[in-house]
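Take a look at the structure set out below.
Quick note: the coordinates plus some simple rules give every number you see, no bench work behind them. None of the values given here were measured: they were computed from a predicted structure.
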Amino acid sequence: MTQSQLADRLGVEVDTIRNWEWNRSKPTLRYQPAIREFLGYDLAPNEPKTLGEKLLKYRRDQGMTQKELARQIGIDPGTLSRLERNHGMCSRAVGKKLIAFFNSQALDEGHPHSLSGEALIQKKLAP
């Protein structure tokens, strides 16, 4: 496959492909799902172990910004940022929103993200 063909497939310019190949720039989040589909494997294959890692992996897999994911979950982007970095605790209200969000995503047919980690959320709840 030529650089031009790959650029067409990913929806970018040929110069963008060259810059990625020569490490002059890195693909932004919005291109990562298409790149993962093209390559046929996950660029970050490690299985997430914490709530923050689960949130970060989900967001990156979807090619979303923190602001976009926070809006979908119904929480503040700053809260999402802290959770992704595993800093601090979250309120019960935020915990309920996280559980509802991931449970709804897991119902989508063939969706790779399920929150078998409800216990991870419980650990992050403020007492």
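Worth pointing out:
- ³J(HN,Hα), Karplus 6.51/-1.76/1.60, whole Hz, each residue of the range 14-28, x for Gly, Pro: 4, 4, 5, 4, 4, 4, 5, 5, 8, 6, 7, 7, 10, x, 6
- Sequence-ordered 3J(HN,Hα) estimates for the range 53-61 from the Karplus curve with 6.51, -1.76 and 1.60 and θ = phi - 60° stand at 5, 5, 5, 5, 4, 4, 4, 5, 4 Hz, glycine and proline given as x.
- Euclidean distance of C-alpha centroids, the range 74-89 and the range 1-64, integer Å: 24 Å
- Placed amide H near Cys90: partners under 5 Å, 5+ positions off or other chain: Leu125, Ala126
- Sequentially through the range 87-101, phi angles give Karplus couplings (6.51, -1.76, 1.60; θ = phi - 60°) of 9, x, 10, 10, 6, 4, 4, 5, x, 5, 5, 5, 4, 4, 5 Hz, Gly and Pro residues having no value and appearing as x.
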